[in-house]
1. If you average the C-alpha positions of region 64-116 and of region 164-243 separately, how far apart do those two centres end up, in angstrom?
2. Over region 60-123, one equal point on each Cα, no solvent: what is log10 I(q)/I(0) by the Debye formula at q = 0.16, 0.27 Å⁻¹?
3. Can you pull the percent of Cα pairs in region 76-209 with separation above 20 Å?
4. Considering every Cα-Cα pair within region 23-76, what fraction, in whole percent, is farther apart than 17 Å?
5. Relative contact order of the chain, please, whole-number percent, based on alpha carbon pairs below 8 angstrom and at least 6 residues apart.
6. For a protection proxy built on the mean count of beta-carbon atoms within 10 angstrom, sort 15-28, 123-136 highest first, please.
7. Any idea what diffusion coefficient the chain gets from Stokes-Einstein, in µm²/s, Kirkwood Rh on alpha carbon pairs, 25 °C, 0.890 mPa s?
8. If amide H atoms are built 1.01 Å from N in the plane of the peptide, which residues on other chains or at least 5 residues away come under 5 Å of the amide H of Leu12?
Amino acid sequence: MQHTVLSVAYPLTSVGPDAVGGSEQVLSLLDRALKEAGHRSLVLAAEGSQVFGEHLPSPAAAGHLDDKIRAWGRRVHGELIRDTLQRYPVDLIHMHSLDFHAYVPGGSLPVLSTLHLPPDWYPPQIFQWKRERLYLNCVSDSQRSQCPPSSLLLPTISNGIEVQKFTVCEKKKNFALALGRICPEKAFERALRASRRARVEAILAGELFPYPKHREYFRREITPLLDARRRFIGPLTFSRKRKLLSEARCLLVSSTVAETSSLVAMEALASGTPVVAFRAGALGEIVEHGRTGFLVDSIEEMAEAIRDVRQLNPVECRRSAEQRFNAANMIRSYLDLYDQLIRGSRHGDFSPQRRSVSGASFLVAR
């Protein structure tokens, strides 16, 4: 049976295969999967997005992204959602943004919100929301363990990547790579300081969005650390990202927050590149300490790990990615969940429960 699914991105942010953020990349994978499976995929995302289904454009980021602009983006998103529900026979809405609570439409249409960020970044009231047929899901077990008790929470669906798109270069070059959105919580200055202590070159790549706090962070914390051996090269195309991930001695993940997932860490492993990460959040679920990378607790330990990664086998990193992070598993779980939520809504008898079969979690409609 064909379904019509409306996927809603974070306001003002573009989505597509080359998107910077993890939530945007996951949305893009699901958009394509829906289209390929014969469903109708509607994507509400900023102008300039690359979608496989039908693009419903919202305003793109321009200039400084202050609180006033973000509030305006939320209002526009709400208006566009209401307009979409009048124009299309939508069966389910899948929210991917931090501020989804600001524009969830009323009524009884099933709404699934994937929590891509730490639970305490969301208003606490979302976990006790009384809206009919609102469901929440997490992207890692560590993230779910930090959520307050809630009847809205469904079983975890872990993120995944298209492992086959990445290549392994067993002869690594002598640089460490740090990659991601340039913002304070990513703490890339720790990665740069660790690479200097390890006497290894470092490349920092990623998007610096026009948020005043992000720009000030870059000016204050990152710029003073850049030199001939520590370079910032800005955003990457997918082909260049793939090349750098394959050639790097290791990937450095230096976040100060408990990451709920890390697509770039999965991509590094798919490229046969070990990951050196601070021991926080879901990184402990991704990095197999001593086999596919190292988990550390300080800049000094990160520097030591940068020196030690050469003892790790790129083939083992790739094998781990193939076995554990294949996007096909994530896609299948979401498409099955869409079907259950929509069918349950139509019959008025969906009740989320956890059932364990052969070690996997499923939902059952009753």
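Values quoted throughout were computed directly from the atomic coordinates according to the rules given, and no laboratory measurement underlies them. Remember, it's a predicted structure, so these values are computed and weren't measured experimentally. Here the Cβ is made from the backbone with ideal geometry for all residues, glycine too, and neighbour counts use every protein chain on show.
1. One Cα centre to the other: 32 Å.
2. For the requested q values the scattering log ratios are -0.62, -1.27.
3. Tail of the P(r) past 20 Å holds 62 percent of the pairs.
4. Distances greater than 17 Å cover 44 percent of the Cα pairs.
5. 15 percent
6. Top to bottom by mean Cβ count within 10 Å: 15-28, 123-136.
7. In µm²/s, the coefficient is 116.
8. Sorted by chain and number, the residues that satisfy this are Ala46.
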